[in-house]
Every structure is written in structure tokens, then in C-alpha cells.
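Notes for the one structure printed next.
The values are calculated or read from the model by the stated rules, or taken from the named source; none is laboratory data. Predicted, not measured: the structure shown is a model, and the values here were computed from it. Cβ placement follows ideal geometry from the backbone for every residue including glycine, while neighbour counts extend to all protein chains displayed.
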Amino acid sequence: MSVLVVGSVAFDSVKTPFGQVEEVLGGSGTYFSTSASFFTDVKMVAVVGEDFPAEHLDFLRSRKIDLEGLKTAQGRTFRWKGRYDYDLNEAHTLETHLNVFETFQPELPPGYRDAEYVFLANIDPELQLEVLNQVRNPKLVACDTMNFWIGGKREALLKTLRHVDILLINEGETRQLAEEPNLVKAARAILAMGPKTLVVKRGEYGVIMFTEHSIFSAPAYPLESVFDPTGAGDTFAGGFMGYLVSTRNLAEGNMRQAIVFGSAMASFVVEDFSLGRMKKLEYAEIEERFRRFKLLTEFDGLA
Ligand code: AMP
């Protein structure tokens, strides 16, 4: 089983209260793929510039990520610059340079067109739809986006959302997309836009999943040292989708387990800058954290 993903592959420059890094490996597609690769095979659609080093490609290959859909184009790789203050839940974007993504016209390799599971990671919603249109008969389509696109390409995003089964966005983006300050009402409004499931990421407060008939809430893992929240959302999505794809089971109970696997993955990535922690991560550590998550929320029912 595999998941097809389209998203950004980037050089990130990030400053947090605990340090700063310049032009390190990042991007929504990169974080998602790396995380999902612990659970299932990944096929990646993206573009990088001629300045993208072989070392990063080697890392992605070492995670067994299929790069047939990763194009190298003339020009510079996507760049993002962001800052976090002591409230690590909120990223302040300082610069976004789409570079080679500005003219990217994805063409899926033939082997990608039969993908059953598709993840549209955070990138231009027009590109997300272009990729989706080339997939013959997807079984499950999940999608992420951010304030940059909700504000800048709202109509295109709404069009993409009509084809999406699961939307994963953060709390502020939920309110912005729905144009509604109350989170529950906002979730209802978004479930009327196309997605049957909405997963709201709330940083250190965890995750809430909404469907028409249910609400499920999971905490974030209480960590003592958080260095860099960049990529937490994409890494969450990678664990969530990776687990769903590996089990091929979309029942509510399994979706809840997927939420906890996603949360476990996100709790690792924030422990270091860029993909530093993911490079050292072992599958046994993921299972161990999953168990700790269970203990964290276990309590007796009413007598
Ligand atoms: P998150 O998981 O939300 O922290 O996503 C962080 C990643 O998103 C960074 O590695 C950035 O390179 C990438 N990113 C930031 N802005 C954009 C954008 N407008 N389009 C695509 N990717 C982006």
C-alpha cells in the first residue's frame, strides 16, 4: 500500500526562542513523506530547483520515498522564513518565496495515477487540484492548507475542498476558513464545504476531530523540551495518513488510533530543528509513545 503526496519541498529559515537555523531542509511534502514513511510506502510529487543538494535527496531515498514524481527545474527551490515567539503554537511567516513552484505543472508518472490514497499537503490549491485530477479513482483524499492560501486563493481552495474527504488544518485556519469564531460552529460550516471529516490541530493543546455525528479529542504529548514546532502539522498528517493507509481501515475507532499515531509523530519532530529528530527515530519509539498517550487519557468510567 502507498500514499501519494503533493506538497512543498523547501529550504526553511526558522527562529524560535531556543535558537535559529538558516536554509535547512523543510517543506510540507518533506515532513509529511518522512513521517508517513514509518508506516507505508510514499510517492512524492513536488519540484525543487537546481540548488537542491544531493544530500537531501539521499535522505528522502533512505526513507524509501519514491521520488519519480519529484522534478528538478531551472531556478531556485521554494524558501520559507518564519519566527516563533514564546507562544510556539503560532508561526509568524516573514518570507515566502515560491520560486520553482510558481511555474510548476505537475505531471504524474503513470505508476502514480492509480493511487488509492492521496494527501494534498499544504501548497497552492490549484496545484492540489491539478494533481488530484490526474488520479483515476482515489479511495481517500486528505488535504492540508494554511492562512496564506485561505486568504490568497480562497475560491480555488473551496473548489479543491469539494473533492476532499478529510481536511486537516489548525485552529486559527478553521475559524478563518469558516469565517466563524466559534470552533464547533466553524467545524460544522467546513463539513458543509465537502470534507466529511475535519481534523483541527491545536498545537500544544492537541487535536479535535469532527464528523457529522461525532467529536473526538486527543491531547498533545506533554514535552519538556520543544525546540522548533515547524513541520508539526505535516508530520502529524504523515502519521495519521500513514497509519490509515497501512491498516486500510477507515472506521471511526481506527481513525482515532490514527490521530494518536499522528500526535506521537508530531511530538518527536518538535524536539529538534528541521528533520533532525526524524533522522534518528526508530519505530519502537513510536509505539512506546503511543502507549504513553493511552495512559495519559485513561480514566475509570462512572460506577
Ligand atoms: P507546518 O507543519 O504547518 O509547521 O508546516 C511547515 C512547513 O510548511 C515549512 O517547512 C514550510 O517550508 C512549509 N510552508 C510554509 N509556507 C508554505 C506555503 N505557503 N506553501 C507551501 N508550504 C509552505
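Listed values, structure above:
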{"quantity": "Selection within the stretch 148-162 - more than 17 Å from Gln134 (Cα to Cα) and in contact with a Gly (Cβ under 9 Å, 6 or more places away or on another chain)", "calculated": "Leu158"}
{"quantity": "Restricting the stretch 154-171 to residues that are charged (D, E, K, R) and in contact with a strand residue (DSSP E or B) (Cβ under 9 Å, 6 or more places away or on another chain), the residue that is farthest from Glu90 (Cα to Cα)", "calculated": "Asp165"}
{"quantity": "Top-ranked residue in the stretch 77-107 [being among the aliphatic types (A, V, I, L, M) and in a strand (DSSP E or B); ranked as modelled with the highest pLDDT]", "calculated": "Leu94"}
{"quantity": "Qualifying residue in the stretch 154-162 (condition: touching a residue at least 40 places away in the same chain (Cβ under 8 Å), within 16 Å of the ligand (Cβ to nearest atom) and within 20 Å of Thr211 (Cα to Cα))", "calculated": "yes"}
{"quantity": "Only listed residue being farther than 20 Å from Val9 by Cα, of a type in the set (Lys, Arg) and at pLDDT 95 or above, chosen from Arg248, Arg277", "calculated": "Arg248"}
{"quantity": "Pairs with Cβ under 8 Å, 6+ apart, first in the stretch 108-132 and assigned to a loop (DSSP other than H, G, I, E, B), second of a type in the set (Asp, Glu) and near the ligand (Cβ under 10 Å from one of its atoms)", "calculated": "Ala121/Asp144; Ala121/Asp234; Asn122/Asp144; Asn122/Asp234"}
{"quantity": "Wholly enclosed strands (runs of 3 or more DSSP E) of the stretch 184-266 bearing at least 1 residues within 15 Å of the ligand (Cβ to nearest atom)", "calculated": "197-201, 207-211"}
{"quantity": "Tally, over the stretch 1-36, of residues that are surrounded by fewer than 24 Cβ atoms within 10 Å (Cβ to Cβ), within 10 Å of the ligand (Cβ to nearest atom) and not in a strand (DSSP E or B)", "calculated": "0"}
